[in-house]
Amino acid sequence: MRSQLAAAGLLAATSASAAQPGMQYSGSLGDILGQAASNPLYTYPTQLTQGIMPKAFHSHNDYWRPLPFWSALAMGAVSTEADVWLYNGTLHVGHEQSALTKERTFDALYVQPILEVLRRQNPDSPFVTNGPTKNGVFDTVAGQTLYLWVDLKTDGAKTWPYVVKALAPLRDAGYLTSYDGKTVTPGPVTVIGTGNTPLNLVQGVSPRDYFWDGPLPTLGTEFSNITKEVTPIASTAFSAQFGDVRGTGGALNETQAALLKSQVETAHAKGIKVRYWDLPYWPIGTRNAVWRTLWDAKVDLLNVDDLQGCADFWENLG
Ligand SMILES: *[C@@H]1O[C@H](CO)[C@@H](O)[C@H](O)[C@H]1NC(C)=O
Ligand SMILES: *[C@@H]1O[C@H](CO)[C@@H](O)[C@H](O)[C@H]1NC(C)=O
Ligand SMILES: *[C@@H]1O[C@H](CO)[C@@H](O)[C@H](O)[C@H]1NC(C)=O
């Protein structure tokens with residue numbers, strides 16, 4: 001993990017203060033290559049996420065990773081997810097009640113780290129004359145939004161107002177994708193409520209800077225009133241739609257393939273992106289076959305538990 005972060009510049013960026021201007025070009029090629037973190041010539045303000053190419057991954061159960069948010073960022077995941085529980089007015093992050101701690105709050109694990117990255121990607125600079133900038137978390141593709149899914153585990157109506165409040169630091173900095181009742185203005189972070197998030201606290205509310213995870217299978221029927229202004233990305237459980245595909249090594253039969261096609265087409269016709277969760281994670285061959293099938297069917301986000309496995313898969317997607 002440490003080496004991943006170092007490669008991503010996440011550690012190097014913190015030790016960039018030892019500037020040695022006189023040392024440019026000195027020593028061997030090895031010495032010059034070794035100066036990357038200390039020579040001001042080879043450092044720049046927004047290099048925290050230098051070289052990380054954004055990938056269409058959703059970091060599922062992200063808070064389980066060694067470093068929630070940071071691990072997924074280092075891998076280039078454009079989408080991340082926090083399960084939140086409301087206790088005494090504070091949102092705690094974890095998969096189940098036994099996993100919660102006082103310190104692991106939504107603010108500490110997600111809001112503040114994201115804000116820190118965005119501050120670094122949007123520095124005060126004499127070179128920016130039409131600022132302030134609204135760069136996203138990825139230095140390589142500044143226009144890429146980060147999808148932040150907030151999965152409400154406690155009562156939706158009671159919990160959602162605390163989520164809205166907890167987003168204030170990102171909101172005040174102007175970093176949230178927003179909707180004014182007519183148009184969506186893209187920002188560095190797009191918040192999507194899921195789990196117990198009540199539809200009526202999102203749909204019909206404007207202005208707002210949060211969205212709702214729409215039910216993919218019923219976008220054409222029961223939930224036909226859902227627009228892309230409410231749901232930028234819809235989702236559903238792969239297992240519930242397609243059953244257990246391990247017997248076929250992940251291959252879909254004609255009926256299943258037709259269902260996948262129709263769900264993706266219905267969503268895309270409305271300008272809504274698509275994600276399936278609860279994918280098989282083993283055997284690896286089956287998992288990769290499912291990722292490939294979904295990708296070929298134009299699913300927009302691959303749900304990922306094993307970030308490294310998906311990064312390797314991504315390299316070979318071609
Ligand atoms: C919530 O507050 C009550 C009353 O002060 C306290 O007994 C309880 O331990 C608190 N729960 C948590 C998770 O902090
Ligand atoms: C949209 O449809 C859903 C599902 O039928 C319903 O619960 C919701 O109230 C509808 N929203 C509006 C604004 O009519
Ligand atoms: C496809 O697979 C599903 C789930 O296993 C099954 O219920 C269905 O009968 C199959 N359809 C065809 C055409 O084989």
Being closer than 15 Å to residue 267 by Cβ, within 13 Å of ligand 3 (Cβ to nearest atom) and not basic (Lys, Arg) narrows 242, 238 down to just 238
Across the range 107-143, which residue is surrounded by the fewest Cβ atoms within 10 Å (Cβ to Cβ) among those that are closer than 19 Å to residue 60 by Cα and in contact with a strand residue (DSSP E or B) (Cβ under 7 Å, 6 or more places away or on another chain)? 114
Given the range 1-101, what helices (runs of 4 or more DSSP H) lie entirely inside it while holding 3 or more residues that are farther than 20 Å from residue 163 by Cβ and at pLDDT 85 or above? 70-75
Being of a type outside the set (Asp, Glu), at pLDDT below 95 and either within 16 Å of ligand 2 (Cβ to nearest atom) or within 17 Å of residue 75 (Cβ to Cβ) (or both) is the requirement here; does residue 282 meet it? no
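In the range 102-123, what residues are within 16 Å of ligand 1 (Cβ to nearest atom) and assigned to a helix (DSSP H, G or I)?
Matches in the range 102-123: 106, 107, 108.
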Just to be sure I understand the filter: pairs with C-beta atoms under 8 Å, separated by 6 or more residues or on different chains, first member in the range 108-132 and charged (D, E, K, R), second member buried (at least 21 other Cβ atoms within 10 Å of the Cβ). Which pairs pass? 120/48
Options 277, 295; residue that is at pLDDT 95 or above and either hydroxyl-bearing (Ser, Thr, Tyr) or closer than 25 Å to residue 66 by Cβ (or both): 277
Residue 263 passes all but one of the listed conditions (1) within 16 Å of ligand 3 (Cβ to nearest atom); (2) more than 30 Å from residue 157 (Cβ to Cβ); (3) surrounded by 16 or more Cβ atoms within 10 Å (Cβ to Cβ); the exception is number (2)
Candidates 197, 227, 236, 231 - the one that is more than 16 Å from ligand 1 (Cβ to nearest atom), surrounded by fewer than 19 Cβ atoms within 10 Å (Cβ to Cβ) and among the polar types (S, T, N, Q): 227
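Every residue, every condition in (1) away from ligand 1 (no atom under 16 Å from the Cβ); (2) surrounded by 13 or more Cβ atoms within 10 Å (Cβ to Cβ); (3) under 29 Å from residue 185 (Cα atoms), yes or no:
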residue: 222; (1), (2), (3): yes, no, yes
residue: 241; (1), (2), (3): yes, yes, no
residue: 244; (1), (2), (3): yes, no, no
residue: 252; (1), (2), (3): yes, yes, no
residue: 256; (1), (2), (3): yes, yes, no
residue: 259; (1), (2), (3): yes, yes, no
residue: 277; (1), (2), (3): yes, yes, yes
residue: 289; (1), (2), (3): yes, yes, no
residue: 293; (1), (2), (3): yes, yes, no
Only one of (1) away from ligand 2 (no atom under 16 Å from the Cβ); (2) closer than 24 Å to residue 200 by Cβ does not apply to residue 160, and that is (1)
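What residue, of 165, 158, is in contact (Cβ under 8 Å) with a residue 12 or more places away in the chain, surrounded by fewer than 20 Cβ atoms within 10 Å (Cβ to Cβ) and not in a loop (DSSP other than H, G, I, E, B)?
Values: 165 fails: in contact (Cβ under 8 Å) with a residue 12 or more places away in the chain.
When all the criteria are applied, what remains is 158.
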I'd like the residue in the range 52-74 that is touching a helix residue (DSSP H, G or I) at 6+ places or on another chain (Cβ under 8 Å) and not hydrophobic (A, V, I, L, M, F, W, C) and, out of all such residues, is surrounded by the fewest Cβ atoms within 10 Å (Cβ to Cβ). 65
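The values are calculated or read from the model by the stated rules, or taken from the named source; none is laboratory data. The structure displayed is predicted, hence computed values, not measured ones. We place every Cβ from the backbone using ideal geometry, glycine too, and count neighbours over all the protein chains shown.
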